[in-house]
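J.: Below is the structure I would like to discuss, written out as structure tokens.
The values are calculated or read from the model by the stated rules, or taken from the named source; none is laboratory data. No experiment lies behind these values; they were computed from the predicted model shown. FYI the Cβ positions are ideal-geometry reconstructions off the backbone, even for glycines, and counts take in every protein chain you see. The protein model used for the area step is the full one, side chains on, heavy atoms only, and it has no ligands, DNA or RNA in it. Shrake-Rupley method; radii C 1.70, N 1.55, O 1.52, S 1.80 Å.
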Amino acid sequence: MTATPDFKEFSKQQILFARYFTAILIDLTVLNLFDEYWSNVQINSFSVSLLAAIVMQLMLQVTFKIEHGVGSHFKKKGRKFMRIFSAWALLFGSKFAILWALERLFGDEILFLGAFHGIIAFIIVIVTMIAAEALVRWFMHSVLGKG
């Protein structure tokens, strides 16, 4: 019988490091799989994909923090519609900011092509990253326990 790890043995910083490190590796994997198997995603090198995965993860986390803050504000005021609308607007709009940042940082080293100047391909990649991260989190919790 194997012992289930006691997550209380780890500091908050260690848990956050493991979470973000894992998320970046998942994002890196997703980016490179899309690069390899879909012509609408083109990345010139592994180094560019690694840096892009880090930038994307950081920007996604900032987006989630802002969305939660705005959502909490509207929840306290009892404005459910504004809470839902602001969450959608922030989460959807942030994709354009992330794509713009990648374009500025990497130029033609990373390209998203296809419908609407590659926006659809980019959104598919982001949604796949988030889904893959959620799947890994679910698997880890189901195998290791919630701690």
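J.: Leu91 versus Leu135, label points 7 Å from Cα toward the beta carbon: distance in nm?
T.: 1.9 nm
J.: At a Förster distance of 22 Å, what's the computed FRET efficiency of Thr22 paired with Thr128, Cβ-Cβ distance as r, to 0.05?
T.: Efficiency, rounded to the nearest 0.05: 0.90.
J.: Work out which trypsin sites (Lys or Arg not before Pro) in the chain are exposed loop sites (DSSP not H, G, I, E or B, at most 16 other Cβ within 10 Å) and give the longest gap free of them.
T.: 1-76
J.: Hey, another quick one. Can you check what the net charge comes to around Ser45, using other residues whose Cβ is under 14 Å from the Cβ of Ser45 (Lys, Arg +1; Asp, Glu -1)?
T.: Cβ neighbours under 14 Å give a net charge of -4.
J.: Could you work out [θ]222 nm for the chain from helices alone, using -39500 (n - 2.57) per DSSP H run of at least four and dividing by all its residues? Round to the nearest 500 deg cm²/dmol.
T.: -27000 deg cm²/dmol
J.: Also: What relative contact order, as a whole-number percentage, does the chain give when Cα pairs under 8 Å and 6 or more residues apart are counted?
T.: Computed value for the chain: 32 percent relative contact order.
J.: Leaving out ligands, DNA and RNA, and with a 1.4 Å probe, what % of the accessible surface on region 8-131 is carbon or sulfur?
T.: 68 percent
J.: Can you give me the accessible area per residue for the chain, using a 1.4 Å probe, in Å²? Show your work: numbers first, answer last.
T.: Working: 9960 Å² over 147 residues.
Here the residues of the chain average 68 Å² of exposed surface.
J.: Bin all alpha-carbon pair distances of region 1-122 at 5 Å intervals from 0 and give each bin's fraction as a whole percent.
T.: In whole percents, the pair-distance histogram is 2, 10, 15, 17, 15, 13, 12, 9, 5, 2, 0.
J.: Which value in nm describes the separation of the simple spin-label points at Lys80 and Ile15, placed 7 Å from the Cα toward the beta carbon?
T.: Each label point lies 7 Å from its Cα, and together they span 3.1 nm.
J.: Another question, then. Please state, to two decimals, what the Cα-based radius of gyration of region 29-97 comes to when divided by 2.2 N^0.38 Å (N = residues).
T.: Compactness ratio reported: 1.47.
J.: Related question: Determine the sum of side-chain charges near Val127: Lys and Arg each +1, Asp and Glu each -1, restricted to other residues whose C-beta is under 15 angstrom from that of Val127. Show your work: numbers first, answer last.
T.: Details: positive: Lys95; negative: Asp27, Glu133.
Once all neighbours under 15 Å are counted, the net charge is -1.
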